[in-house]
Amino acid sequence: MTDTPARWRARLEPLAIFAALFLLWELAVRWFALPSWLLPAPSEILATARDWAPELAANALVTLRETVTGFALAVAISVPLAVLIAFTRVLRRVLYPILLGLQSVPKVALAPLVTLWLGVGEAPKVVIVVLVCFFPVLVNMIAGLEAAPRNMVDLMRSVEASRWQVFRRLRLPFALPHIFTGCKVAVTFAVIGSVIAEFVAAQSGLGYLILMSTSQSLTPLAFAAILLLTLMSVLLFYLIEWAERRAVTWHM
Amino acid sequence: MQTDGASPVLSMAGLGKTYGQGRGAVEALGAIDLEIRRGEFVSVVGPSGCGKSTLLKLAGGLEAPSRGTIAREGRPLDGPTRQTGIIFQEHVLFPWLSILENVTMPAEVAGHPAGPARARALELLAMAGLADFAGHRPAQLSGGMKQRAAFCRALIADPGLLLMDEPFGALDALTREELSLDLSRMWQDLGRTALLITHDIEEAILLGDRVLVMSPRPGRILADIPVPLPRPRSVETAALPEFHALKQQIRSIIFSQRSI
């Protein structure tokens with residue numbers, strides 16, 4: 001790679017900005033002598049995180065599991081649904097309004113109901129994550145499946161390609177970048193979804209830890225959990241982007 | 001599906017196309033009568049919006065006519081057929097496939113064995129001067145090279161008829177001239193029947209055995225002009241006095257249709 005220095009700079013610059021922000025935060029807390037239950041300094045958050053490392057890790061694992069399971073389920077549900085909606089006019093007329101209506105219901109408002117029905121385990125969290133995720137994945141997938149230009153479809157028709165061949169050889173590869181876009185949007189929603197669900201009723205997870213620690217004025221622990229959640233969200237996002245780079249190797 | 005050769009490769013009788021209905025209806029194509037015989041290269045030239053592209057879509061079975069009949073090798077045409085290769089204005093190569101994979105795609109769709117299709121594709125790519133680019137992605141090729149690859153793809157299934165819709169329209173003038181002459185040579189080597197749609201009079205003459213001149217919308221055929229220029233044609237062909245006379249003749253037919 002000839003552009004290595006430039007690439008390193010591109011990677012280091014955001015890190016430097018974050019470091020500067022944290023330093024400013026640290027200095028501000030010390031300068032104004034803010035009490036730690038109100039706003040802890042980064043150094044204190046770090047120290048607390050070290051003390052509570054096993055609890056943080058265990059709860060992060062729970063949230064991660066809920067998020068990833070819900071996200072994967074949402075994608076698994078969206079794929080056949082998107083294909084059905086994109087290719088059958090009747091289902092499009094019937095299903096689309098229903099799905100749109102479902103999307104318009106605030107998921108936060110549904111969380112207590114889902115908990116009422118499914119209890120306090122991980123199941124209601126996964127359901128909320130699915131509800132939050134599946135719409136962006138579905139909409140982008142439908143858009144992608146319909147995005148193949150007319151002349152490409154005409155080309156496939158001119159070689160007597162079957163509907164399945166048009167789907168497999170043209171529409172699906174053409175939809176791939178759109179599908180990844182939907183997944184990237186959805187995965188950040190997924191983390192939010194599991195935290196919301198944990199807020200309603202939970203015995204574990206980072207959302208539960210945040211609720212528990214703020215009620216006991218353990219603000220540094222709450223901050224540690226929030227930072228961990230952010231980190232998780234960012235990592236999941238980049239994981240999908242990495243997969244996208246491996247799968248979508250062309251540009252239009 | 002080889003036939004006796006007596007029936008024309010393509011024939012149209014009273015063929016017309018109207019888009020939409022009622023007050024919003026647009027008559028794109030009037031009544032077209034046309035016959036293309038085996039081995040012939042027919043150019044269709046006309047002003048933009050005269051229904052040239054519609055004519056090609058009907059010929060390829062991509063659209064159904066509103067009136068009249070259309071037959072391939074004497075049989076009524078009821079949809080697209082692999083016996084007809086189409087070259088569109090844009091190259092329409094799939095960006096996720098290599099050039100070779102793009103060229104073999106129609107053969108794969110048809111379920112032909114991969115080995116011979118691959119060998120034939122490489123042969124065609126070599127003829128088109130793309131031997132070294134078989135493994136490249138379309139994005140790595142210039143506009144002219146992409147259109148050459150599209151030619152190879154149209155020829156892979158060995159079609160009896162080649163339809164071309166302004167295949168050089170998206171290219172710059174120099175590439176255009178080079179490519180059209182190359183195509184002319186390839187066409188002659190392969191002995192293919194072809195229908196070329198263009199708005200470029202010189203291109204129509206340079207490539208065609210006959211030039212059909214179309215009227216503005218609704219398109220009709222105003223004149224059927226034979227091109228008795230010798231083959232192989234080259235850049236020098238365009239300098240011949242006969243070439244110039246044909247060009248003037250066609251120009252005057254087209255401009256006589258302008259109402260001002």
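The values are calculated or read from the model by the stated rules, or taken from the named source; none is laboratory data. In this text, all values refer to a predicted model and were calculated from it rather than measured experimentally. Cβ sites come from the backbone with ideal geometry, for glycine too, and all protein chains shown count toward neighbours. Ligands, DNA and RNA are stripped out before the accessible areas are found, and what is left, the full protein with its side chains, is counted by its heavy atoms. Shrake-Rupley method; radii C 1.70, N 1.55, O 1.52, S 1.80 Å.
For the subset of segment B:55-68 comprising residues that are out of contact with any helix residue (DSSP H, G or I) (no Cβ under 6 Å at 6 or more places or on another chain) and either modelled with pLDDT under 90 or more than 14 Å from chain A (Cβ to nearest Cβ) (or both), which member is most open to solvent (accessible area, probe 1.4 Å)?
Taking the candidates together, the pick is B:ARG67.
Need the failing condition index for B:GLU202 against (1) over 18 Å from the mean Cα position of the chain (by Cα); (2) crowded, with 16+ Cβ neighbours inside 10 Å; (3) more than 30 Å from B:ALA25 (Cβ to Cβ), just the number.
Tallying (1) over 18 Å from the mean Cα position of the chain (by Cα); (2) crowded, with 16+ Cβ neighbours inside 10 Å; (3) more than 30 Å from B:ALA25 (Cβ to Cβ), B:GLU202 fails exactly one: (1).
Any idea which of A:HIS178, A:HIS251 is open to solvent by 40 Å² or more (accessible area, probe 1.4 Å), within 14 Å of chain B (Cβ to nearest Cβ) and assigned to a helix (DSSP H, G or I)?
Exactly one residue qualifies, and that residue is A:HIS178.
Look at B:GLY169 and say whether it is in contact (Cβ under 8 Å) with a residue 24 or more places away in the chain, open to solvent by less than 50 Å² (accessible area, probe 1.4 Å) and part of a loop (DSSP other than H, G, I, E, B).
Criteria met by B:GLY169.
For segment B:209-239: of the residues being touching a Pro at 6+ places or on another chain (Cβ under 9 Å) and modelled with pLDDT of 90 or more, which is nearest to B:GLY49 (Cα to Cα)?
It comes out as B:MET214.
Restricting the search to segment B:91-112, which residues are more than 27 Å from B:ARG176 (Cβ to Cβ) and not β-branched (Val, Ile, Thr)?
Once the filter is applied, which keeps residues that are more than 27 Å from B:ARG176 (Cβ to Cβ) and not β-branched (Val, Ile, Thr), segment B:91-112 yields B:TRP96, B:ALA107, B:GLU108, B:ALA110, B:GLY111, B:HIS112.
Just wondering, is there one or more residues in segment A:218-227 that are more than 14 Å from chain B (Cβ to nearest Cβ), modelled with pLDDT of 95 or more and touching a Cys at 6+ places or on another chain (Cβ under 8 Å)?
No, that holds for no residue.
Scan segment B:111-156 for residues that are of a type in the set (A, V, I, L, M, F, W, C), without any contact (Cβ under 8 Å) to a residue 40 or more places away in the chain and open to solvent by 20 Å² or more (accessible area, probe 1.4 Å) and report the count.
7
Take B:SER180 and decide whether it is in contact with a helix residue (DSSP H, G or I) (Cβ under 6 Å, 6 or more places away or on another chain) and of a type in the set (Ser, Thr, Tyr).
yes
Look at B:HIS136 and say whether it is part of a loop (DSSP other than H, G, I, E, B), within 13 Å of another protein chain (Cβ to nearest Cβ) and closer than 17 Å to A:ASP154 by Cβ.
Against the criterion (part of a loop (DSSP other than H, G, I, E, B), within 13 Å of another protein chain (Cβ to nearest Cβ) and closer than 17 Å to A:ASP154 by Cβ), B:HIS136 does not qualify.
Exactly one condition in (1) touching a Ser or Thr at 6+ places or on another chain (Cβ under 7 Å); (2) part of a loop (DSSP other than H, G, I, E, B); (3) closer than 26 Å to B:ARG231 by Cβ is not met by B:SER7; state its number.
Checking B:SER7 against (1) touching a Ser or Thr at 6+ places or on another chain (Cβ under 7 Å); (2) part of a loop (DSSP other than H, G, I, E, B); (3) closer than 26 Å to B:ARG231 by Cβ, the one that fails is (1).
How many residues are assigned to a helix (DSSP H, G or I) and open to solvent by 40 Å² or more (accessible area, probe 1.4 Å) if we restrict to segment A:218-227? Reasoning before the result, please.
Step one: of segment A:218-227, the residues assigned to a helix (DSSP H, G or I) are A:219-227.
Checking which are open to solvent by 40 Å² or more (accessible area, probe 1.4 Å) leaves us with A:223, A:226-227.
Residues that pass the stated criteria total 3.
So B:LEU58 clears everything in (1) outside any loop (DSSP other than H, G, I, E, B); (2) over 17 Å from the mean Cα position of the chain (by Cα) except one condition, right? Which one?
Checking B:LEU58 against (1) outside any loop (DSSP other than H, G, I, E, B); (2) over 17 Å from the mean Cα position of the chain (by Cα), the one that fails is (2).
Just to be sure, is B:GLU242 surrounded by fewer than 16 Cβ atoms within 10 Å (Cβ to Cβ) and among the charged types (D, E, K, R)?
Considered against the rule, which asks whether it is surrounded by fewer than 16 Cβ atoms within 10 Å (Cβ to Cβ) and among the charged types (D, E, K, R), B:GLU242 comes out as yes.
Based on what the data block shows, is B:PRO159 in contact with a strand residue (DSSP E or B) (Cβ under 6 Å, 6 or more places away or on another chain), under 19 Å from B:THR81 (Cβ atoms) and either open to solvent by less than 40 Å² (accessible area, probe 1.4 Å) or at pLDDT below 90 (or both)?
So B:PRO159 passes the test.
In segment A:228-246, what count of residues is obtained for those that are within 14 Å of another protein chain (Cβ to nearest Cβ) and surrounded by 14 or more Cβ atoms within 10 Å (Cβ to Cβ)?
Looking only at that region, the number is 1.
Select from segment B:69-86 the residues that are charged (D, E, K, R) and open to solvent by 30 Å² or more (accessible area, probe 1.4 Å) and write down the one among them that is farthest from the other protein chains (Cβ to nearest Cβ).
So, considering only residues that are charged (D, E, K, R) and open to solvent by 30 Å² or more (accessible area, probe 1.4 Å), the one farthest from the other protein chains (Cβ to nearest Cβ) is B:ARG75.
What's the number of the only condition in (1) farther than 15 Å from A:GLY70 by Cβ; (2) open to solvent by 40 Å² or more (accessible area, probe 1.4 Å); (3) without any contact (Cβ under 8 Å) to a residue 40 or more places away in the chain that A:ALA123 fails to meet?
(1)
So A:ARG50 passes all but one of these: (1) farther than 17 Å from A:LEU138 by Cα; (2) surrounded by 11 or more Cβ atoms within 10 Å (Cβ to Cβ). Which condition number does it fail?
With respect to (1) farther than 17 Å from A:LEU138 by Cα; (2) surrounded by 11 or more Cβ atoms within 10 Å (Cβ to Cβ), A:ARG50 is out only on (2).
Within segment A:183-193, identify whether any single residue is within 14 Å of another protein chain (Cβ to nearest Cβ), touching a helix residue (DSSP H, G or I) at 6+ places or on another chain (Cβ under 8 Å) and of a type outside the set (Gly, Ala, Ser), and answer yes or no.
no
Do you know which residues across segment B:210-233 are open to solvent by 20 Å² or more (accessible area, probe 1.4 Å) and of a type in the set (Val, Ile, Thr)?
B:ILE221 - this is the single residue of segment B:210-233 that is open to solvent by 20 Å² or more (accessible area, probe 1.4 Å) and of a type in the set (Val, Ile, Thr).
Could you check segment A:195-217 and list, in sequence order, the residues that are in contact (Cβ under 8 Å) with a residue 40 or more places away in the chain, more than 17 Å from A:VAL129 (Cβ to Cβ) and either in a helix (DSSP H, G or I) or open to solvent by less than 50 Å² (accessible area, probe 1.4 Å) (or both)?
A:LEU209
Out of all the residues in segment B:87-110, which are facing chain A (nearest Cβ under 8 Å), surrounded by 19 or more Cβ atoms within 10 Å (Cβ to Cβ) and small (Gly, Ala, Ser)?
None - no residue of segment B:87-110 is facing chain A (nearest Cβ under 8 Å), surrounded by 19 or more Cβ atoms within 10 Å (Cβ to Cβ) and small (Gly, Ala, Ser), so the list stays empty.
What helices (runs of 4 or more DSSP H), lying completely within segment A:55-161, carry at least 1 residues that are within 14 Å of chain B (Cβ to nearest Cβ) and among the acidic types (Asp, Glu)?
Counting at least 1 such residues, we get A:150-158.
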